[in-house]
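Engineer: My structure is below; once you've seen it, I'll send some questions.
The values are calculated or read from the model by the stated rules, or taken from the named source; none is laboratory data. This structure is a prediction, so every number in the text was calculated from the model and none was measured. Backbone-built Cβ (ideal geometry, glycine too); neighbour counts: all protein chains shown.
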Amino acid sequence: MEKRGRRLRDGRATISTQECDGRIVCRVGGPSIDAELVRTALGGPGTVLDTAWISAAAPAPAAVLLALRLELAAPTVVAMLRAGNLRDHSNEVAFPGGKPEVGDASLLATALRESREEVGLGGDDVEFLGTLSAVPVITGKYLIHPHVAVVHAGRTPHLGSAQEVARVLEVPLTDWLTGERQWEAVKLPWRGTELLMPHFPLGDVTLFGASAFIFHDLLRRLALTLGQALPEPVLRETYPWGDRYAKHRGGP
């Protein structure tokens, strides 16, 4: 078993990796990534997005849940691949969530209800930690309010609604902080402005769009709390979503 490590925050924290059976498993020493560290990170400054390109009509609210499995040797965030038959955002990686329904007491209640329906993790399975910055979808139709929670030990996600979810995914968390995995970005001209669009390759699928902005906000806050800078992205020339949103661009 090979062990490697490097110091962070002037030597007060160590990120180490272990190679076990050919697989890299990342662990954070010192102030480890636990619920308290995440809660502290969520209290820090969030990502400020230029939303001048959104139409004058107010976007409808939506809510998602980022359920963190911190008990794992290599922590993950629960996500899903949306079903291919959906009208909006089909075959895209997303965090469980959706629009408020009658009976939802809050956007947190919306996120928890949707998470239970889609990936089998409801309010009894997680501990709510806080929120991230709200992010608009690229069409400007919705403003997504992300909620972050830690999954109780022993609780596992599973496929809920097969009509909405093709499969459940677990997105690595610490790999992006250590640089074991490299996140990517493209520069996108959009309605008179230019957006730097992060995305995260996950084997045969890619996390992009509003969900990638949300995940990037979480990673950036965690990096700041750990006293390090998030590694720079690899800039790409091609869009991971192809031309599916070209009709929404408008402007020059």
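Engineer: Within the stretch 224-251, track down each residue that is modelled with pLDDT of 70 or more and farther than 18 Å from PHE213 by Cα.
Structural biologist: Residues satisfying the conditions are THR225, LEU226, GLY227, GLN228, GLU237.
Engineer: Right, another one. Could you go through the stretch 147-160 and let me know if any residue there is modelled with pLDDT under 95 and either hydroxyl-bearing (Ser, Thr, Tyr) or closer than 24 Å to ALA63 by Cβ (or both).
Structural biologist: Checked the stretch 147-160: at least one residue is modelled with pLDDT under 95 and either hydroxyl-bearing (Ser, Thr, Tyr) or closer than 24 Å to ALA63 by Cβ (or both).
Engineer: In the stretch 187-206, what residues are of a type in the set (A, V, I, L, M, F, W, C) and surrounded by 22 or more Cβ atoms within 10 Å (Cβ to Cβ)?
Structural biologist: MET197, PHE200
Engineer: Take the residues in the stretch 112-130 that are crowded, with 18+ Cβ neighbours inside 10 Å and part of a strand (DSSP E or B); name whichever of them is farthest from the chain's Cα centre (by Cα).
Structural biologist: Only one residue tops the list, namely VAL126.
Engineer: Out of the residues in the stretch 34-79 meeting the condition of being surrounded by 14 or more Cβ atoms within 10 Å (Cβ to Cβ) and at pLDDT below 90, tell me which one is nearest to LEU202 (Cα to Cα).
Structural biologist: THR47
Engineer: GLY209 fails exactly one of the following numbered conditions: (1) buried (at least 20 other Cβ atoms within 10 Å of the Cβ); (2) touching a residue at least 40 places away in the same chain (Cβ under 8 Å); (3) touching a Pro at 6+ places or on another chain (Cβ under 7 Å). What is the number of that condition?
Structural biologist: Among (1) buried (at least 20 other Cβ atoms within 10 Å of the Cβ); (2) touching a residue at least 40 places away in the same chain (Cβ under 8 Å); (3) touching a Pro at 6+ places or on another chain (Cβ under 7 Å), the lone unmet condition for GLY209 is (3).
Engineer: What number of residues within the stretch 170-209 are in a loop (DSSP other than H, G, I, E, B) and closer than 20 Å to LEU65 by Cβ?
Structural biologist: The qualifying residues number 3.
Engineer: While we're on this one: Tell me the residue from GLU170, GLU164 that is touching a Lys or Arg at 6+ places or on another chain (Cβ under 9 Å), modelled with pLDDT of 95 or more, surrounded by fewer than 20 Cβ atoms within 10 Å (Cβ to Cβ) and within 21 Å of GLY98 (Cα to Cα), please.
Structural biologist: The conditions single out GLU170.
Engineer: For the stretch 121-179, give me the residue count where each residue is in contact with a Leu (Cβ under 6 Å, 6 or more places away or on another chain) and on the phi > 0 side of the Ramachandran plot.
Structural biologist: Residues that pass the stated criteria total 1.
Engineer: Residues that are out of contact with any Asp or Glu (no Cβ under 6 Å at 6 or more places or on another chain), farther than 15 Å from VAL64 by Cα and not hydrophobic (A, V, I, L, M, F, W, C): does the stretch 104-122 have at least one?
Structural biologist: Scanning the stretch 104-122 turns up no residue that is out of contact with any Asp or Glu (no Cβ under 6 Å at 6 or more places or on another chain), farther than 15 Å from VAL64 by Cα and not hydrophobic (A, V, I, L, M, F, W, C).
Engineer: So, ASN85, is that one over 30 Å from GLU194 (Cα atoms), in a loop (DSSP other than H, G, I, E, B), modelled with pLDDT under 90 and of a type outside the set (Lys, Arg) or not?
Structural biologist: For ASN85, the condition - over 30 Å from GLU194 (Cα atoms), in a loop (DSSP other than H, G, I, E, B), modelled with pLDDT under 90 and of a type outside the set (Lys, Arg) - is met.
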